[in-house]
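Reading through the structure tokens given below for one structure.
The values are calculated or read from the model by the stated rules, or taken from the named source; none is laboratory data. Since the model is a prediction, treat every value here as computed from it, not as a measurement. Here the Cβ positions follow ideal geometry from the backbone for every residue, glycine too, while neighbour counts run over all protein chains shown.
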Amino acid sequence: MNVRIHPTAMIEEGVELGAGTAIWDHAHIRHHACLGAECIVGGKASIAYDVRIGNRCKIGPFVSVCAGVEIEDGVMLAIGVVFTNELFPRATTPDLSRLRDSSPTERTLTTRVGAGATIGANATVRGGLEIGRWSMIGMGTVVTRSVRPFHLVSGNPARLVGCVCRCGDLLERLNADRPVSHSEITCAACGLKYKIESNEVIELTPPASPLGEV
């Protein structure tokens, strides 16, 4: 499968694009970023240098993926998602004499987005976090803490509101202050089975994946 790149997209030196990946209008991918197979990068999205993105990811229009972010297979970043990588950023040196170098430093924070996760439209993700596999972040959410696998979070700041199946259907309403446990819970939409131990979601019947176990 061939890579498709819109003529208005800007692809810098050393970028790697997997088979079947499509880059849409005015997207900008910085040097030495690496995207896997069958990804979609929406119009006007921005992907920073050295970012690693897995296979079959959907990067929506106007998404901003900064340096220090790693995205595993099957992740969805809806329109307008923004990542950050520094807690106390400044544009210039303290004397205002020059712009600060944008290269990574000891202040640069790294973020990992686990396989299958969804981050909703216009969400903002603070640097230095782990976004768990198959988790879901609601639109407009401000994520200031790491998110556990399969957890559904929403709000500003993000709070735990439930857990979701691999298919995206709601499994159970959850509250961080009142942990629940179930020996077995079945997704009403697809039939996959899980158990919940003090709000931690554990798969009982994970499906086989052509990308390897995720």
Being surrounded by 19 or more Cβ atoms within 10 Å (Cβ to Cβ), without any contact (Cβ under 8 Å) to a residue 60 or more places away in the chain, among the charged types (D, E, K, R) and in contact with a strand residue (DSSP E or B) (Cβ under 7 Å, 6 or more places away or on another chain) is the requirement here; does Arg100 meet it?
no
When you go through Thr84, Thr110, Thr141, Thr93 one by one, which is the residue that is at pLDDT below 95 and more than 9 Å from the chain's Cα centre (by Cα)?
Thr93
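Residue by residue, here is whether (1) in contact with a Cys (Cβ under 8 Å, 6 or more places away or on another chain); (2) within 20 Å of Ala45 (Cβ to Cβ) holds:
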residue: Thr93; (1), (2): no, no
residue: Leu96; (1), (2): no, no
residue: Ser102; (1), (2): no, yes
residue: Arg107; (1), (2): no, no
residue: Thr111; (1), (2): no, yes
residue: Thr124; (1), (2): no, yes
residue: Gly127; (1), (2): yes, yes
residue: Ile131; (1), (2): no, yes
residue: Ser146; (1), (2): no, no
Can you pull out the residues in segment 100-138 that are over 19 Å from Glu172 (Cα atoms), of a type in the set (A, V, I, L, M) and part of a loop (DSSP other than H, G, I, E, B)?
Leu109, Ala115, Ala121, Ala123, Leu129
Which of the residues that make up segment 73-99 are under 24 Å from Ile59 (Cβ atoms) and in a strand (DSSP E or B)?
Met76, Leu77, Val82, Phe83
Extreme residue, farthest from Val75 (Cα to Cα), among residues of segment 1-53 that are part of a loop (DSSP other than H, G, I, E, B) and polar (S, T, N, Q):
Thr8
So is Arg4 over 23 Å from Gly132 (Cα atoms) and either of a type in the set (D, E, K, R) or within 19 Å of the chain's Cα centre (by Cα) (or both) or not?
yes
Mind telling me which of the residues Arg133, Arg107 ends up being farther than 18 Å from Gly74 by Cα and of a type outside the set (Val, Ile, Thr)?
Arg107
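Would you confirm, using the coordinates I've provided, whether Cys34 is surrounded by 22 or more Cβ atoms within 10 Å (Cβ to Cβ) and more than 12 Å from the chain's Cα centre (by Cα)?
For Cys34, the condition - surrounded by 22 or more Cβ atoms within 10 Å (Cβ to Cβ) and more than 12 Å from the chain's Cα centre (by Cα) - is not met.
Per-residue answers, yes or no, for (1) within 24 Å of Arg166 (Cα to Cα); (2) in contact (Cβ under 8 Å) with a residue 12 or more places away in the chain:
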residue: Asp50; (1), (2): no, yes
residue: Glu70; (1), (2): yes, yes
residue: Met76; (1), (2): yes, yes
residue: Phe88; (1), (2): no, yes
residue: Pro94; (1), (2): no, no
residue: Val113; (1), (2): yes, yes
residue: Thr124; (1), (2): yes, yes
Does segment 16-31 hold any residues that are crowded, with 19+ Cβ neighbours inside 10 Å and in contact with a Leu (Cβ under 9 Å, 6 or more places away or on another chain), and which are they?
Leu17, Thr21, Ile23, Ile29
Looking at Ser198, Ser154, Ser135, can you tell me which residue is modelled with pLDDT of 95 or more, surrounded by fewer than 15 Cβ atoms within 10 Å (Cβ to Cβ) and small (Gly, Ala, Ser)?
Ser198
Hey, Gly43 of a type outside the set (A, V, I, L, M), closer than 25 Å to Ile137 by Cα and without any contact (Cβ under 8 Å) to a residue 60 or more places away in the chain or not
yes
Within segment 92-130, take every residue that is of a type in the set (A, V, I, L, M) and out of contact with any Gly (no Cβ under 6 Å at 6 or more places or on another chain) and give me the one that is farthest from Ala208 (Cα to Cα).
Leu96
